[in-house]
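Worksheet: one structure, shown below.
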Amino acid sequence: MNRRSFIASSGALVVSFSLLPRVAAAQAGKLPGSLSQEPMLDAWIRIAADGRITVFTGKAELGQGIKTALIQVAAEELVVDPARIELVTADTARTPDEQYTAGSQSMQESGTAILHAAAQTRAVLTGLAAKRLGVPAERLSVRDGAVNGVAYGELVAGEALHVRAQPQSPLRDPAGRTVMGKPLPRVDIPAKLTGQTIYVQDLRLPGMVHARVLRPPSYGARLRALDTAQAARMPGVLKVMRDGSFVALVAEGEFQAISAVRALAKAAQWDEHATLPESKEIYQKIRTLPSQDSVIHENGKSGSGAAMLEAEYLRPYQMHASIGPSCAVALYRDEALTVWTHSQGVYPLRAALAEMTGMPGERIRCIHMEGAGCYGHNAADDAAADAALVARAVPGRPVRVQWMREDEHGWEPYGPAMVSRARGRVSAEGTVEDFQYELWSNTHSTRPGPAGYLASAWQVQKPFAPPPPRAIPQPAGGGDRNAIPLYKFAASRVVHHFVTEMPLRVSALRALGAYMNIFSIESFMDELAAAARADPVEFRLRHLQDPRAQAVVRTAAERFGWQDWKKQPGRGRGFGFARYKNLAAYTAVACEVEVDRDSGRVRVGRVVAANDSGDIVNPDGIVNQIEGGIVQSTSWTLHEAVAFDRTRITSRDWGGYPILRFPDLPESIEVHLVNRPGQPFLGTGEAAQGPTAGALGNAIAHATGTRVRELPITAARLRQVLGA
Amino acid sequence: MINLNVNGKTQELDADPATPLLYALRDHLQLNGAKFGCGLGQCGACTVLVDGRAVFSCVTPISTLAGRRITTLEGLGTPEKPGRVQRAFIAEQAAQCGYCIPGMIMQAQALLDGTPHPTSAEIRKHMSGNLCRCGTHMRILRAVERAAREP
C-alpha cells in the first residue's frame, strides 16, 4: 500500500503528496538550511490555482512562536500578506522530515529553508510571468502575490514548483523588508485564549475512549500480581489490558478511567528494588561512575602552576515540568496507526513506534499537535507510545491517553545532574593565563528513534533495552555544550567526562549542559575577575574578541546602568554572558538581587538582557523567548531539584517539586535586541538560561560576600551557608 | 442527573456526583478552556469562576455546584469577539505555549471583578496560585494591568 492509499484508508482529511526520495544534496553543492535534506521546492511551498499558499515545515510549534516566524519568512520572500499563508507543521504524511524541533535550530534549519524556497519560488513564478507576458523577468515587479498583476495562482501550473532548489537564492534586500524584522502578533494566540481545539489534550474524535496507564511506582518495578476484577466492573470501563508490566485501562469517560485506574493501583503488587543512589551522595556518584573522557579543547600550555584558583559547581536533576501532563490520541484501524502527538520529532517517533509494535513504518502516521510547553524531551513520546499500545488493543476506536501529574513528575526524563570543576590563574596584567575546566555528566539525549528510549517499551512482556548512551559531539555538544568558553585565554584545557551509567532517567532539558557550564564558567569568571581586581564586565570584555559578543555585553551593561550602580548592604549585582553553543544567539544578562540574611530569601530586582539572534524575523517573538528563558532559569537556579530516595522519585507533584510562582518573579525584565539584517538566523530559544544563572549566582555572591556553587540556591541553602 | 449552569446555560449531566467539575466541563460539555494540570489544586490550569469567585475545577465535585453560576473561558468571549481580559492578554501577546493562560485569564477576571484597579503587588499575590512554566509571567502581569485600564 502506498502512502496515498494509506492516508485515504485512515480517514484523515488531508491531501497527500509524496516527498521524493532524498537525493544526495552534495550533488548540487550545499543547499541552505533543511533544503540540504529535502531539496524539492514543492515539499516546502505549494500554490494552488485559486491562489492559496501552503507552506510546510517539519518543525513543530512548541509555544516558541515558530509558526508565526516561519509565516513571516515565507510572506516576505513571496511578497504576500502573511494572513494568506497556511502553514502545515510536522506530520509524517505531509511535511519534510526535519527530525527534532530542538536545540534552538528551527530558524536556522527550517527558517533558512523556507526563506530560500520562497525566494526561489518567487523566481520561478517571475520566470513563468516573463514567458507569458513576453517581458524580460528583470523588468517585472512582484506585488501582493502577483507578478505585474498576474496572480501566482494563475501562473503556477502542473509541476512548475516540483524542481530542485539551487544553492543561491534571489533574496530580497533587507532594507526593503515589509514583514520580516517587524513584530507580528502570534497567529496561534487568539485561539488558545478562547478555548478552541488547539492542544492534543483538547482533541476529541468520534467514538473516542479514554485510557490511563498504571505506571510502576519506581524504575524497574515489576508487576508481581494484579487483581483486575474490581476495576473492570467499575462504570464505563471497557478494558483492562496487560502486557508484562505495562497495564492500561480503557473507559468511556475520562473521570471513569481515572477512578478505575486508582482502584487498579490499589490492587497491584509490585516488586521494587533500591536501585537509586543516596541522594546526598549523588555528586560523588556522578564523579566516580565509569566515564568516557575526552579533551574537547586545548590551547596554549595549560598545566598546574602556583596559586591556581579552584572551584567545584553542582547541579541537581531538574525537570521539564510541563504544566499540562503529556497526552496523545491514537487510532488503529485497517492495520494502520495514526497518532496525534506533541512529540518534538514525529519522524523519529514513528521509527520508535514501528520498532515497538513491529508495524512497518509506512503504516504509521504521526501528526504533531500542540501540547503544553515541553522545554525539551519530556514524556510526550512516552504518552504517544502508550496511546499506540492501547489503540492496538481496541481497534477502530480513537484512544486518548493523558498522564497524571505524578506520572509526569516521576517518569519524565530529567535534565542530568552535573558536576564541574574549574581551575585558573590570572597574570600580573590581569588576564587569564590558564583556565582548566572539567565536567561530569550523563548523556543529554535519550530521544526515540530507538524504541528502547520509550518508557512503556521497558514495561512490556518483551521489553526493549535502551541503546548505549552516546555523547552529542562538539561543537554543539551535550553535557559539554558551552563547556568551552568563548573567552580567549592564553592557555586553556577542557575535559568532558561522559558518564555512561544513568542512575535516573535523563534526556534533553532546554539548553542541555549549557545551563550548568555557563553557570560554572560565569561564576568562575567573577572569581577570576576578583583575583585580578577587575570589574566583572570589563574583565569579560578583556577576554572577548568577537565584536558581536562585545556588543551584547556592552549593551546589557549600559542599559542596566552597570557603571553607576551603587552597592548597598544586602544588595548585589551580577553579570552573565554566553553565545549559545558558541554558534547561536549571543546573550548577556545583568541583574540585581537583594538577599534577606535571616530567611535566605533572594528577591530578584531588575533584570536587563541584550540579545543578538542574527537576522531578526519577529522581534517580539525573540523578546518573549528571552523573557521566558530568564524567568525559567530563575526558577531552576533558585528553586528546583528532583528529590528521590533509594527506590523512588519523591518529587511527584508541585509540592514535592516547587517552581517559581508570581511572588518570586524579578521586579522587572528588559530585553534589548541587536538586529543583524541579512546575517544568518541564530537560535534564540535556549540562549538566556545559562547567562541568567551566571548573573544570579554572581549577584548573590556580590550581595552576601559568599559564593554558592551548588544549585539550586534556595532560601534554605542560602540561610545555611550564610549562618555557617 | 445533575443540573449545571455553565456560561448562562443550564445543562443536565449524567455523571457521578463525585466527578470533579473539570471533567464535567471537558468530557461532558466539550469545553476546552479549563485544562488538566495536576488534579490537586496546585497549579491553577483548571481555574473557572463559580458565582464570580475563582475555583480550581479539578478539586471541585459537581455535587456541590447545583444552582451555582459557573463561568469558563468560553463564557468570556470568542476568537471573533474576545472579552476584555482576553483582549488584554492578546494585546500583550501574553502567551508562549498558552496552556496555563486560560486559568490565568479566569484568575485575573475574578480579581478585576472584585478589585477593578489592583496594585502590582496585589496582582502578584492574587495570581500566586497559578503556575506558568514558559516564563510568561511579566506579560501576564502587564495584561492584567491593561485589562484594568481598558474598558
Answer in debye to the nearest 20: the dipole magnitude of the stretch B:2-75 about its Cα centre, from +1 Lys/Arg and -1 Asp/Glu charges placed on Cβ, is 260 debye
The residues B:Ile105, A:Ile286, sorted from fewest to most surrounding Cβ atoms within 10 Å, come out as A:Ile286, B:Ile105
By the Cα gyration tensor axes a ≥ b ≥ c (a/c under 1.5 gives rounded; else a/b larger than b/c gives prolate, otherwise oblate), the shape of the stretch A:166-206 is oblate
Expressed as a whole number, the average count of other chain Cβ atoms within 10 Å around the Cβ atoms of B:66-76 is 1
Going from the fewest other Cβ atoms within 10 Å to the most, one would list B:Asp51, A:Asp612 as B:Asp51, A:Asp612
Residue ranges of DSSP H helices in chain A that stretch 15 Å or more (Cα, own long axis) and have mean Kyte-Doolittle hydropathy of at least 1.6 are none
Taking Cα pairs closer than 8 Å and at least 6 residues apart, the relative contact order of chain A in percent is 14 percent
Once normalised by the length of the stretch A:3-191, the mean sequence separation of its alpha carbon contacts under 8 Å that are 6 or more apart gives a contact order in percent of 29 percent
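In this model, which of A:Lys192/B:Lys81; A:Lys239/A:Lys266; A:Lys301/A:Lys581 are farther than 19 Å apart at the alpha-carbon?
Table pairs above 19 Å Cα-Cα are A:Lys301/A:Lys581.
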Partner shielding of B:123-130, taken as the mean number of other chain Cβ atoms within 10 Å, equals 3
Mean separation of Cα contacts under 8 Å (at least 6 apart) over the residue count of the stretch B:2-75, i.e. the relative contact order in percent, is 40 percent
Among the stretch A:456-487, those whose backbone N falls under 20 Å of a label point 7 Å along Cα→Cβ from A:His273 are A:456-469
Most exposed to least, judged by fewest other Cβ atoms within 10 Å, A:Ile630, A:Ile484, B:Ile2 sort to B:Ile2, A:Ile484, A:Ile630
In nm, the gap between the two label points placed 7 Å beyond Cα toward Cβ at A:Lys301 and A:Gln284 is 3.9 nm
Restricting to aspartates and glutamates and to Cα separations under 16 Å from A:Lys567, and discarding same-chain partners fewer than 8 apart, the set is A:Asp535, A:Glu592, A:Glu594, A:Asp596
Helix B:137-149: inclination vs chain B longest Cα principal axis, degrees, rounded to 10, gives 90 degrees
With label points set 7 Å from each Cα along the Cα-to-Cβ direction at B:Met1 and A:Lys182, the distance between them in nm comes to 5.7 nm
With +1 on the Cβ of every Lys and Arg and -1 on the Cβ of every Asp and Glu, the dipole magnitude of the protein assembly as shown about its Cα centre, in debye rounded to the nearest 20, is 140 debye
Partner shielding of A:251-258, as the mean number of partner chain Cβ atoms within 10 Å, equals 5
Here, A:Asp546 and A:Arg132, labelled 7 Å along Cα→Cβ, have an inter-label distance in nm of 4.6 nm
Under the rule rounded for a/c under 1.5, else prolate if a/b exceeds b/c, else oblate, using alpha carbon gyration tensor axes a ≥ b ≥ c, the protein assembly as shown is classed as rounded
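Every number here is computed from the coordinates shown, using simple stated rules; none is lab data. Everything quoted here is computed from the prediction, not taken from an experiment. All Cβ positions, glycine included, derive from the backbone under ideal geometry; neighbour counts span all protein chains shown.
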